[in-house]
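Data first, discussion second: the structure below is written as structure tokens.
The values are calculated or read from the model by the stated rules, or taken from the named source; none is laboratory data. Just so you know, these numbers come straight off a predicted model, no measurement behind them. Note that we place each Cβ from the backbone using ideal geometry, even for glycine, and neighbour counts take in every protein chain shown.
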Ligand SMILES: Cc1cc2nc3c(=O)[nH]c(=O)nc-3n(C[C@H](O)[C@H](O)[C@H](O)COP(=O)(O)OP(=O)(O)OC[C@H]3O[C@@H](n4cnc5c(N)ncnc54)[C@H](O)[C@@H]3O)c2cc1C
């Protein structure tokens with residue numbers, strides 16, 4: 001009979017793999033966690049700018065509204081571990097938490113490393129064995145996943161959980177090698193693309209305004225071909241030397257399905273609280289205050305300093321024109337531009353700079369109730385390797401934890417069935 005190294009093998013010591021290993025070990029199974037880095041949770045340690053936005057303390061509807069890709073696939077994973085369960089889990093490990101704006105949950109210490117340490121100490125408590133090795137291939141027996149070939153030799157078990165993450169920030173270890181393992185076993189991979197990533201633009205106005213951050217603006221992402229708005233939201237954004245960034249822009253990037261160079265335009269409403277008529281009145285009142293000034297010197301109440309010259313150029317009114325001689329039609333142009341400041345989008349920054357990867361193992365080939373492959377029995381998936389992704393706010397880590405727990409529990413159950421069958 002085959003001699004197993006453990007009941008279960010987990011590939012990837014990120015949040016999904018660690019949670020899967022914990023769930024399986026809590027269910028009484030022996031677990032071997034294979035991680036190619038010399039330490040666990042390398043990406044986890046840099047999340048939330050080093051503070052780790054663990055989850056979002058929101059209700060169920062809000063959770064799924066924040067998942068633009070394949071939300072329904074996650075219903076069972078959510079039931080296995082909700083954001084509130086995640087909070088209780090970490091608090092149970094002695095990690096104090098705090099909730100900030102937008103219901104974002106962080107460790108009270110503001111240190112991502114404390115989250116990683118909490119998971120690691122639970123792994124040790126449960127005697128999960130950690131092997132620093134790179135998984136190269138799945139070992140299949142009669143079509144069933146029974147092990148791994150690694151750079152440190154072959155490993156055998158009753159089941160294998162792949163939690164190797166996506167392709168973004170590859171220096172953290174998420175180098176996409178897990179896709180190749182799954183592909184070699186027959187799985188289809190939806191092309192990995194950058195998401196939650198800054199957008200590039202050819203507009204020189206972006207470079208001119210670099211460093212300028214806008215708060216309380218609304219942003220619309222429009223598909224140039226269909227003219228349809230594919231994303232709209234309100235919040236904060238930033239101009240950079242290459243284009244635009246900031247929370248609103250990162251969320252918008254999750255909706256870029258076309259990869260052609262000039263497929264989208266971003267429109268910024270600089271005054272979302274004012275309708276056109278109210279905005280025109282506001283301009284009139286500024287103009288009466290500055291009536292003898294040049295146009296370019298009369299905009300400081302309306303716009304941030306860095307935006308005045310680019311705005312004057314865009315609106316096509318001579319900056320030296322006296323305010324009292326600005327026509328009604330020119331004011332209408334100003335209103336239109338304030339409500340629709342256009343940034344042509346040429347694409348995104350590369351996947352290396354993306355917070356997450358969109359795409360991955362096709363969800364149609366995974367049983368959503370168990371995270372087991374529909375093609376290869378004994379093979380389970382968890383975390384960002386799966387074709388699911390969410391906005392910023394703690395939702396992506398919650399997906400990793402929820403799918404990790406579900407995969408761990410069911411992989412453990414499958415071990416039980418096999419040992420009973422023996
Ligand atoms: C800068 C940044 C900030 C972020 N901040 C947040 C945040 O605050 N909140 C939030 O919700 N999300 C955040 N995210 C997203 C979040 O980090 C990921 O969604 C999450 O880490 C995915 O977890 P995972 O376990 O699936 O994959 P990863 O965390 O990518 O872990 C995968 C692990 O598998 C290992 N591995 C890969 N291939 C192999 C192999 N062949 N053999 C052995 N080991 C292998 C890797 O070394 C890695 O350790 C952030 C991401 C980035 C890049």
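In this structure, residue 312 does not satisfy being assigned to a loop (DSSP other than H, G, I, E, B) and either crowded, with 19+ Cβ neighbours inside 10 Å or in contact (Cβ under 8 Å) with a residue 40 or more places away in the chain (or both).
One residue is enough: does segment 397-414 have a residue meeting the conditions within 26 Å of the chain's Cα centre (by Cα), near the ligand (Cβ under 7 Å from one of its atoms), assigned to a loop (DSSP other than H, G, I, E, B) and touching a residue at least 60 places away in the same chain (Cβ under 8 Å)? So far as segment 397-414 goes, no, none of its residues is within 26 Å of the chain's Cα centre (by Cα), near the ligand (Cβ under 7 Å from one of its atoms), assigned to a loop (DSSP other than H, G, I, E, B) and touching a residue at least 60 places away in the same chain (Cβ under 8 Å). Can you confirm whether residue 70 is closer than 23 Å to residue 389 by Cβ, within 11 Å of the ligand (Cβ to nearest atom) and either surrounded by fewer than 20 Cβ atoms within 10 Å (Cβ to Cβ) or assigned by TED's automatic domain parsing to the domain that holds residue 385 (or both)? No: the conditions fail for residue 70.
Scan segment 42-55 and tell me whether some residue there is more than 9 Å from the ligand (Cβ to nearest atom), assigned to a strand (DSSP E or B) and surrounded by 24 or more Cβ atoms within 10 Å (Cβ to Cβ). Within segment 42-55 (the criterion being more than 9 Å from the ligand (Cβ to nearest atom), assigned to a strand (DSSP E or B) and surrounded by 24 or more Cβ atoms within 10 Å (Cβ to Cβ)), the answer is no, since none of the residues qualifies.
Just wondering, is there one or more residues in segment 197-214 that are farther than 22 Å from residue 306 by Cα and modelled with pLDDT of 95 or more? Yes: segment 197-214 contains one or more residues that are farther than 22 Å from residue 306 by Cα and modelled with pLDDT of 95 or more. Of the residues examined, residue 233 is not one that is touching a residue at least 40 places away in the same chain (Cβ under 8 Å), away from the ligand (no atom under 16 Å from the Cβ) and outside the structural domain of residue 393 (by TED's automatic domain parsing). Report whether or not residue 98 is closer than 26 Å to residue 50 by Cα, more than 11 Å from the ligand (Cβ to nearest atom) and part of a strand (DSSP E or B). Here the answer is yes, as residue 98 does meet what is asked.
The residue list 6, 24 contains one member that is in contact with a strand residue (DSSP E or B) (Cβ under 9 Å, 6 or more places away or on another chain) and outside any loop (DSSP other than H, G, I, E, B), which is 24.
Among the conditions (1) surrounded by fewer than 17 Cβ atoms within 10 Å (Cβ to Cβ); (2) in a helix (DSSP H, G or I), the only one that residue 120 does not satisfy is (1).
Inclusion of residue 64 among residues that are free of Cβ contacts under 8 Å to residues at least 24 places away in the same chain and either more than 12 Å from the ligand (Cβ to nearest atom) or touching a helix residue (DSSP H, G or I) at 6+ places or on another chain (Cβ under 6 Å) (or both) is warranted. May I ask you to verify whether residue 163 is assigned by TED's automatic domain parsing to the domain that holds residue 49, touching a helix residue (DSSP H, G or I) at 6+ places or on another chain (Cβ under 9 Å), more than 12 Å from the ligand (Cβ to nearest atom) and within 19 Å of residue 412 (Cα to Cα)? It is false that residue 163 is assigned by TED's automatic domain parsing to the domain that holds residue 49, touching a helix residue (DSSP H, G or I) at 6+ places or on another chain (Cβ under 9 Å), more than 12 Å from the ligand (Cβ to nearest atom) and within 19 Å of residue 412 (Cα to Cα).
Would segment 268-277 turn up any residue that is part of a helix (DSSP H, G or I) and either modelled with pLDDT of 95 or more or not assigned by TED's automatic domain parsing to the domain that holds residue 307 (or both)? Checking segment 268-277: at least one residue is part of a helix (DSSP H, G or I) and either modelled with pLDDT of 95 or more or not assigned by TED's automatic domain parsing to the domain that holds residue 307 (or both). Taken as a whole, the structure leaves residue 126 outside the set of residues that are within 15 Å of the ligand (Cβ to nearest atom) and either surrounded by 17 or more Cβ atoms within 10 Å (Cβ to Cβ) or not assigned by TED's automatic domain parsing to the domain that holds residue 250 (or both). Scanning segment 247-257 for residues that are surrounded by fewer than 20 Cβ atoms within 10 Å (Cβ to Cβ) and either modelled with pLDDT of 95 or more or in contact with a strand residue (DSSP E or B) (Cβ under 7 Å, 6 or more places away or on another chain) (or both) gives 247, 255. Screening segment 150-238 for strands (runs of 3 or more DSSP E) wholly inside it with 3 or more residues that are surrounded by 15 or more Cβ atoms within 10 Å (Cβ to Cβ) returns the ranges 159-162, 189-195, 199-201, 213-223. Residues in segment 1-39 that are surrounded by 23 or more Cβ atoms within 10 Å (Cβ to Cβ) and within 7 Å of the ligand (Cβ to nearest atom): 11, 12, 13, 14, 15, 16, 17, 34, 35. As for segment 191-210, it holds at least one residue that is in contact with a strand residue (DSSP E or B) (Cβ under 6 Å, 6 or more places away or on another chain), away from the ligand (no atom under 12 Å from the Cβ) and free of Cβ contacts under 8 Å to residues at least 60 places away in the same chain.
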